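K.L.:
Quick one: the structure is below, questions incoming.
FYI, it's all coordinate maths here, none of it is from the lab. For clarity, every value in this text was computed on a predicted model and none was experimentally measured. Glycine gets a Cβ as well: all are built from the backbone with ideal geometry, and neighbour counts include every protein chain shown.
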Amino acid sequence: MKASPDRPGPPSGPPSDAPSGPPAPLVIETSVVEGLPAEGALLLRMSGSLDAQGAEAWSEELRGHLYQADRAGLRPVLDMAHVQVGGAAVLRTLSETARVRTGRPDLIIVRARPGVREAVHLARLDGVRLFATLDEALRELARTATRVEELPAWRSQMSDPLRPSYEELYKEVRALRARVRTAPVIGMAQGTLMVRYGLPDSGSAFRVLRETSQRFNVPLRVLVSAVVAARPPAGEEWFPGRLPLPVPQLRLLGRSGRDPRCRRQMTDAVLHESLAVGRAPAGYVQFVDPAVGTLTPETHYGCAETFLDHLVRGRDENTPDALARTRRRRVSVPDVAVDTLLSEDWRRVLLTTGTRALHSVPVLSSAGSCTGVITLQWAEAGHRPTAAQAEAIAVLAADTAAWLSWYHRSVLLDALEHLHRALRDSG
């Protein structure tokens, strides 16, 4: 298997079912699709011929890729535009793979040939979904983004023509607003790299940023923020003398099976544990973006789209999140309707989206600075965490601070060091 994130996608026109030339062995190439609206998707591009003899080997290789995707918290997307022949061999392999993956994310297949589409549709395979284009599949990933452990057991179905609902439109607007917030930082990072390494254009800078993001599984927005905020390198190494750091001892986040190098997996774990401890139906986690100094949403669950749209704007300072950050202590709002801390605009958004009580806890570094905020929401007024719940959430916040500090000083600095070495050597 060879990773090829910069390889251009196959032509968009429908492929012919008639194979040309001698059959080619089946090859699977992978790349991570970064950025909104489909951050966290692992694209598996397949090309070659598949017959009964090759189905077993293909099945084994496919399961290996899917295992890695699940372990990294990525949603698998299979691009089968260039898979020839197949028929029953493809169907048996997909059926067995889907059966083994019961309880995991669906197999999403894009641009399959008519014969494969027809076979999968008629077989009604559980855990397999078909889409005509990659864009449709990525929109669906954004629409149904949730934790792997909580994914519903969707049944396979042919994708209907897209008819956006109000909820879907809110999501698209929210994604656009997030892009608007991230674009200036990406531009600053590109400009920084162009000046620092003498790159000919911004495209060259973006390509190495994207490659580094994919290699280290660091979200692009996090990487570019680090490029802008970090002190510039002064020699052959960006951070000379740096030693590997052990993963900190985490009390509630240190459960086996969680990869501390996977940011998406760990932030989801922070939220999942917080919701469970606080018995809250909704909540979200934000971290401070060091390049712009503002709270940035990382993950959420159970929140209304209109509320998330308001959250992404990030303009209101009279919010529990902002107050928890500036005061560096927890902020409880047992009744949104009468609390004097909230601005009228924020109160209106919370009430209209069904939130009557909330609790925000700052994530404080060892130096006492706030690096993020965990917020839980309830639909009933008067709700306030018990003393035991508040203590457990505080432990989670301390775990989060310890992990985030390690991640920034280990994974993120590894990515920056690789970026520096790649650009220095290319010059």
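K.L.:
Given Cα positions, please report Rg to Rh for the stretch 345-420, the hydrodynamic radius being the Kirkwood one.
P.N.:
1.15
K.L.:
Can you pull a Stokes-Einstein diffusion coefficient for the stretch 361-401 at 4 °C (1.567 mPa s), Rh from Kirkwood over Cα pairs, as a whole number of µm²/s?
P.N.:
116
K.L.:
Within the stretch 249-267, whose backbone N sits under 15 Å from a point 7 Å along Cα→Cβ of Arg409?
P.N.:
Residues 249-250 fall inside that zone.
K.L.:
In nm, give the distance between the simple-model label positions of Asp345 and Ser369, each being 7 Å from the Cα along the Cα-to-Cβ direction.
P.N.:
According to this spin-label approximation, the distance is 2.7 nm.
K.L.:
Quick one: Karplus J couplings for the stretch 299-312, per residue in order, coefficients 6.51, -1.76, 1.60, θ = phi - 60°, nearest Hz, x for Gly and Pro?
P.N.:
7, 8, 7, x, 8, 5, 4, 5, 5, 4, 4, 5, 5, 4
K.L.:
Related question: Calculate, in nm to one decimal, what Glu211 and Met194 gain on full extension: separation in residues at 0.36 nm each, minus their alpha carbon distance.
P.N.:
4.5 nm
K.L.:
Which of the peptides 351-358, 41-48, 369-376 is most tightly packed, and how do the rest follow, judged by the mean count of other Cβ atoms within 10 Å per residue?
P.N.:
The packing order, highest mean first, is 369-376, 41-48, 351-358.
K.L.:
Right, next: Using amide H atoms built in the peptide plane, which far-off residues or other-chain residues are under 5 Å from Arg356 H to H?
P.N.:
Amide H neighbours of Arg356, under 5 Å, 5+ apart: Trp378, Ala379, Glu380.
K.L.:
Apply the Karplus curve 6.51 cos²θ - 1.76 cosθ + 1.60, θ = phi - 60°, to the phi angles in the stretch 338-350 and return the couplings in whole Hz, x for Gly and Pro.
P.N.:
10, 5, 8, 6, 7, 6, 5, 5, 5, 4, 4, 5, 5
K.L.:
Separate question: If you stretched the chain out fully between Arg242 and Val27, how much longer would it get, using 0.36 nm times the residue separation minus the C-alpha to C-alpha distance?
P.N.:
73.5 nm
K.L.:
I need the calculated FRET efficiency for the pair Ala72 and Thr133, taking r as the beta carbon distance and R₀ as 25 Å, to the nearest 0.05.
P.N.:
My answer for the efficiency is 0.55.
K.L.:
Does the stretch 342-385 come out rounded, prolate or oblate, given a ≥ b ≥ c as the square roots of the eigenvalues of its C-alpha gyration tensor, rounded meaning a/c under 1.5 and, failing that, prolate meaning a/b above b/c?
P.N.:
Prolate shape, in that a/c is at least 1.5 and a/b is the bigger ratio.
K.L.:
Output ³J(HN,Hα) for the stretch 409-417: one whole-Hz value per residue in order, computed from phi by the Karplus curve 6.51 cos²θ - 1.76 cosθ + 1.60 with θ = phi - 60°, and x for Gly and Pro.
P.N.:
For the stretch 409-417, the Karplus-derived couplings read 8, 10, 4, 5, 5, 4, 5, 5, 5 Hz, x marking Gly and Pro.
K.L.:
Note the full-extension length gain between Glu317 and Ala229 as 0.36 nm times their separation in residues minus their Cα-Cα distance, in nm to one decimal.
P.N.:
Length difference between fully extended and current span is 29.4 nm.
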